[in-house]
Every structure is written in structure tokens, then in C-alpha cells.
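Remarks on the structure that follows.
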Amino acid sequence: MSAATAPREASAGSTAPLVRLLNVSKTFPAPSGAVTAVDDVSLEVRRGEILGVIGYSGAGKSTLVRLINALERPTSGRVFVGDDELTALSEKELRRVRREIGMIFQQFNLLRSRTVAGNVAYPLALAGVRQPERDRRVARLLDFVGLLERAHSYPEQLSGGQKQRVGIARALAVDPPLLLADEATSALDPETTADVLALLKRVNRELGVTIVVITHEMEAIRSIADRVAVMDAGRIVEHGELYDVFSRPRTPAAARFVRTVLRDRPSPQTIARLRESHAGRLVTVRVQDGRGFTAAVTRAFASRGVENEVVFGGISELQNRSVGALTYELRGADAAVDAALADLAAQGIEAFEETGEPGAGVVASPGHGSTRAGGEG
Amino acid sequence: MDEFIANLPTFWAAIGQTLIMVFVSLVVAGVLGLVIGVGLCVTREGALLPNRPVHLVLNVIVNIVRPIPFVIFLAAITPLTLAVVHTTIGVGAASFGISLAAAFAVARIVEQNLVAVDPGVIEAARAMGAPPVRIILTVLIPEGIGPLILGYSFVFVGLVDMSAQAGLIGGGGLGDFAITYGVQRYNWPIVYITVAVIIVLVQLGQFAGNALARRALRR
């Protein structure tokens, strides 16, 4: 098997996206009228990337990922994978396409009637790979995921993390260019989650497999995704490079997810609590990557005679760049504070006056990137 | 007891006839019921091959046949039995009737056990591009094999019961023997001995089924 040994050329160097969804909607009939799980979504998955799709349960992520391998057919819109337009193919042709797309699941979905090796061999048998080649490839795949010695175990004898590694080996058996991970780590404990995510990253980096990760855990996205799409009520409300979305979430839905893993702008509840002990104006400054950032902010306040104190926030690292937000309490004449904020804006530093109303209070914005949501890709 | 010993050759033959009836109908009803049961299972809404009309028709047929008391069913299908087996008495005719009646019971048992198979593994097989018939044969049935074996053991007991009832219409076997030599001649030892043999037969069947199911389930 070439996959476990040599990196795949980035699919013949093609720059066309591997997956393209065009205005795709999926509606399910329900007793209480139709339920729209996916609502007019357009999305691209680039070759060689890890795209994270995040959303709460019920946001439509699982349906979205099933549209990519045609386990679900869209109600309207078009789906392209590689050179195939899935929405134009027959069920028989779709089976061929599905063979070229790996998928792993939250509950692993291993065949209990087969051993670990039998599970990994299943898609190979489907693809017509004969013995002894099949056994050789099974062994190489199990070696890749570190489970060669468990080849003859049955799924119930494995831990959750091991089961998912078998799931990954099975999904990679036929060298698919694309892997779909549907909440693949949601049933695992944090440590095992990290192991499985590291393995997925290896699959991406070493084998060149494009991966779509569906999850409700921002931590999973943070640790492996290159780009992220935020889903809410069936729509992609925001998408872009991981760093951009984390450092400047544009929508309340994205901001909520970002807050689960790093300190961003304080929530309205936090602001209310801060208000109780801090009388001055509360202003949040977005951290920018690069040395001297906080010094520049402090200098802007000091030069206008504004007393300042950090009361909330934090700075984290993401893809080797600083990301985060710092909330300051500013004390001084209103005019002096306004002047200091104007200075920040002039330096391209983004600041928000925290009034406690979601989305309100932009007092200083460099004014770029505002078209990112939905407009890219 | 002397009478029993005198009829020992008939008794042995009766055991043989019962075994033939039970095993023929276990195979025929087993296969037929498996097909109908799988059909019922996969045509459900949201299943592998959802098909409302087919599901409805299968369901109605099973529901019509199942509540008919077996002895009445045997009498009712006499024309069909005559057409297929060319006689209405004997082991062949009885096996035909038993097979037909049992197939619908098997169908329900198969349906119930296969519906319980985790839809996730079916979805995984679909995601791997497996065609439906292959999924049925390599995923659906193997994943449900443990409960299926237990279900078939249950059916086996029912078949022994049915084969004894078939004695009423001259089907031969242990039921026929107990009625002809026991009940009708007020020879209660013969009745009890026959009943004891039937119980042993049932126990053996259930025991074998349990052992097989334990192996399939690996516990």
C-alpha cells in the first residue's frame, strides 16, 4: 500500500478544490412539518487541508458531512467531489465514489462479527483486493495506527481510542484522497482524544489525505484544523483560516466556540460581574501577533493620562502565533479615554467598548476582513 | 408396557419421522423465513432499502398467516399441499405444511433480531460503498447472528410441537404414535414415554442452540 509508506503527491498538484458544495440544502420530512438540516450551504474543501466544521448538536454538521459522501442526497444544490458531480450520479456510481472516501464515526461502527484485521480487510475485499495482497495491506495499515499486535482481537476487547484507530485504519484501507471524521473524538476522554487527533494529523501530513473534521469541540479544531467553518441552524455562518476565526470571530456563534478554548471578549455575564467591582470603562483589545503589542497598548493609554488595568483576558498561541484578547478597565476623563482609543485605531489595533450587549460596542476597528464570513473560498 | 415393546419398531420409525419433519421444515422455513424477515427488516423506513409498499404487503401476509391455529392452517392449505406434494398425508405433506406455517413465524423472529442490529455499522458499510445485497449478507446477518441462532432454537421447539400436531392429520411421527398407540388405546405409559422423548428432543435442540449462540457472541 502506497499510503502508509509514501506521501501522496498533493493529488497531481491540482489546485481545484477536492470538495465543492454549491447552495446545498437538505430538508427532512417531520411530523411537525419539514426540518431543514442544511440550509443553502456553499463550501469548498481544499486538497491537502484539514477543514474543521464546528457547531452544536442539531446544527446540521452530521447531515453536511453525509452530503459529501452521498449517504444523504441534497434536496437542492450541487455537490462535487474530485471530478464527480455526486448530485448527477446513479446510486451504483455513488458506491464507487464512496469507496474513494473514508469515513470514521463517533461510535466507531466497527463490525462486531469480525476481528480488527477483518474490519480493516472489509473495504479491501469490497475493492476487489485479493489475498495475499489483502493481508499485507491490513498488516501495514494496522502497523501505521499502532495496533498490529491486536489484529486478531475483537472490537469489544479494545478501548475506545483503539477502536477509533481501527476505524481510521479501515477508512484508509483503499487509499482514499478524502477522509470524513464525524465527531470522531466525541466519545473519547481528553487524553485519548489528543492521541486520535495526533494520528489524524499524521494521516494528513504524512499521507496527504484531505480531512473534514465535524465536531462540537473547539479544542479538536484548534489542535488540527487548517481552516474552520462554523455552523449554526443549518447554515455556515462564518469560515476562514483557523487563526483568523480564532483571533477575530465575527459572529456570536463563532465567538461562543472560541470562548470555550481561549479567552476572547468577555461574555455578557462576565461583564456584569466585572462591572460590580470596576467603575471605569471596560474596553477589550484584540491581541495581535508580534512583539511589543501590549507595550504599545499601555503606551497609548498612558500618553493620554488614562489609568489602565487588565481585568480579564489572556494570550494563547495558535499555529505559532499569538491570539487572544485583553479587557482593560480605563479610568480617566471620557475625552482622554476616547482619544486613547482613537490612537489605538490609528495603529490598527482593534478595540471594543464592553457595554454588555452582544455584538455592540466597536469603538476602534482597522476595518479589514469584514467580508470574510461566507465570502471566501 | 408389553404393548410398547411390541410396537418398538414403529416407535423408532416415529422418532425418525419426527426428526425428518423437524429438520426439513427447519431448513425450508429457516431459509424462507430469513428471506421474508430480511425483506421486512430492510424495507422499513430509514433502513437499507426503504420501500413502503413492499413492507406493507409482507407485513399483511405475515399478519394474516400467523394467527391461524396450526391445525386449521394445515387443513386449509390441503389443495396447495395436494398440488405440491401430491398427497395430504404422511411425512412429506406434514413437512410442507409445517414449513409454510413456520416460515412466517421465522420471518417475524428474523425481523425482530435484525432490526436490533446497530444502524451505525450498516451506515459504515454504506459509506465504504458496499452494495445492499452484500451488506445484508456480510454485515446485517453476521452482526445479528447470535440472537438469530437463539431465535432459530426457539423455532426448533415450535417445530417439534407442530410436527406432533401434524400427527392429527396422519402426518406420522411421535405425535401420531402417541395418539394411535397411546391415547386411543388408553395406554398412558406409551403417552408418557413419547412425551419424555419429545422433551429430550426439545432440550437437546435448545442446548445446541444456546451453545452455538454463545460461540457466536463470544460470551
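The values are calculated or read from the model by the stated rules, or taken from the named source; none is laboratory data. Model, not experiment: these values are computed from the prediction. Cβ: placed from backbone, ideal geometry, glycine included. Neighbour counts: every protein chain shown. Heads up: the accessible areas ignore ligands, DNA and RNA and are worked out on the full protein's heavy atoms, side chains in. Shrake-Rupley method; radii C 1.70, N 1.55, O 1.52, S 1.80 Å.
For the range A:131-153, name all the residues that are open to solvent by less than 60 Å² (accessible area, probe 1.4 Å) and either in a loop (DSSP other than H, G, I, E, B) or among the aliphatic types (A, V, I, L, M) (or both). The answer is A:Val138, A:Ala139, A:Leu141, A:Leu142, A:Val145, A:Gly146, A:Leu147, A:Ala151, A:Ser153.
Residues considered: A:Thr36, A:Thr15. Of these, the only one that is modelled with pLDDT under 95 and closer than 21 Å to A:Glu241 by Cβ is A:Thr15. Give the range B:36-61 a look and list any residue that's assigned to a helix (DSSP H, G or I) and free of Cβ contacts under 8 Å to residues at least 12 places away in the same chain, or say none. Listed by number, the residues that qualify are B:Arg52, B:Pro53, B:Leu56, B:Val57, B:Val60.
Out of A:Val212, A:Val203, A:Val230, A:Val283, one residue alone is in a helix (DSSP H, G or I) and modelled with pLDDT of 90 or more. It is A:Val203. All of B:Phe4, B:Phe23, B:Phe73 fail the test of being out of contact with any strand residue (DSSP E or B) (no Cβ under 9 Å at 6 or more places or on another chain), touching a residue at least 40 places away in the same chain (Cβ under 8 Å) and closer than 30 Å to B:Gln206 by Cβ, apart from B:Phe4.
Okay, residues lined up against (1) part of a strand (DSSP E or B); (2) at negative phi; (3) within 11 Å of chain B (Cβ to nearest Cβ):
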site	(1), (2), (3)
A:Met103	yes, yes, yes
A:Gln107	no, yes, yes
A:Leu110	no, yes, yes
A:Ser113	no, yes, yes
A:Ala117	no, yes, no
A:Leu124	no, yes, yes
A:Val129	no, yes, no
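Among all positions in the range B:157-180, there is at least one residue which is in contact with a helix residue (DSSP H, G or I) (Cβ under 6 Å, 6 or more places away or on another chain), open to solvent by 40 Å² or more (accessible area, probe 1.4 Å) and without any contact (Cβ under 8 Å) to a residue 24 or more places away in the chain.
Taken across the range A:233-244, residues that are more than 18 Å from A:Lys61 (Cβ to Cβ) and either among the charged types (D, E, K, R) or open to solvent by less than 10 Å² (accessible area, probe 1.4 Å) (or both) do occur, with at least one present. What pairs can you find where one residue is in the range A:144-168 and away from chain B (no Cβ under 14 Å), the other is of a type in the set (D, E, K, R), and their Cβ atoms are less than 6 Å apart, with a gap of 6+ or different chains? Pairs found: A:Val145/A:Arg165; A:Leu147/A:Arg165; A:Gly161/A:Asp195.
Taking the criterion of being open to solvent by 90 Å² or more (accessible area, probe 1.4 Å), among the aliphatic types (A, V, I, L, M) and under 22 Å from the mean Cα position of the chain (by Cα), no residue of the range A:259-285 qualifies. For the range B:120-131, a residue qualifies if it is open to solvent by 10 Å² or more (accessible area, probe 1.4 Å) and either more than 9 Å from every other protein chain (Cβ to nearest Cβ) or hydrophobic (A, V, I, L, M, F, W, C) (or both), and the qualifying residues are B:Ile122, B:Met128.
State which residue is most open to solvent (accessible area, probe 1.4 Å) when the search covers only the range A:75-101 and only residues that are assigned to a strand (DSSP E or B) and either more than 9 Å from chain B (Cβ to nearest Cβ) or within 16 Å of A:Ala37 (Cα to Cα) (or both). The qualifying residue most open to solvent (accessible area, probe 1.4 Å) is A:Arg78.
Applying the criterion of being touching a Leu at 6+ places or on another chain (Cβ under 8 Å) and part of a loop (DSSP other than H, G, I, E, B) to the residues of the range A:49-72, the residue that is nearest to A:Gly240 (Cα to Cα) is A:Asn69. With respect to (1) more than 8 Å from every other protein chain (Cβ to nearest Cβ); (2) at negative phi; (3) open to solvent by 10 Å² or more (accessible area, probe 1.4 Å), the lone exception for A:Glu183 is condition (2). When B:Ala47, B:Ala93, B:Ala105 are checked against the criterion of being within 14 Å of chain A (Cβ to nearest Cβ) and surrounded by 14 or more Cβ atoms within 10 Å (Cβ to Cβ), B:Ala47 stands alone in meeting it.
Would you mention how many residues in the range A:204-233 are farther than 20 Å from A:Arg259 by Cα and touching a helix residue (DSSP H, G or I) at 6+ places or on another chain (Cβ under 8 Å)?
Summing the residues that are farther than 20 Å from A:Arg259 by Cα and touching a helix residue (DSSP H, G or I) at 6+ places or on another chain (Cβ under 8 Å) in the range A:204-233 gives 7.
Of all the residues in the range B:110-130, those that are closer than 13 Å to A:Leu94 by Cα and in a helix (DSSP H, G or I) number 2.
In the range A:44-74, how many residues are more than 20 Å from A:Ala255 (Cβ to Cβ), open to solvent by 10 Å² or more (accessible area, probe 1.4 Å) and of a type in the set (S, T, N, Q)? Final tally of qualifying residues: 2.
Identify, please: which residue in the range A:297-316 is closer than 18 Å to A:Asp338 by Cβ and hydrophobic (A, V, I, L, M, F, W, C) and is, among those, most open to solvent (accessible area, probe 1.4 Å)?
A:Ala302
For A:Gly167, the conditions (1) within 22 Å of A:Gly48 (Cα to Cα); (2) assigned to a loop (DSSP other than H, G, I, E, B) all hold with the exception of (2). Pairs linking a residue in the range B:200-212 that is in a helix (DSSP H, G or I) to a residue that is open to solvent by less than 30 Å² (accessible area, probe 1.4 Å), with Cβ atoms under 6 Å and 6 or more positions apart or on different chains, are B:Leu201/B:Val160; B:Val202/B:Val160; B:Gly205/B:Phe156; B:Gln206/B:Ser153; B:Gly209/B:Ser153.
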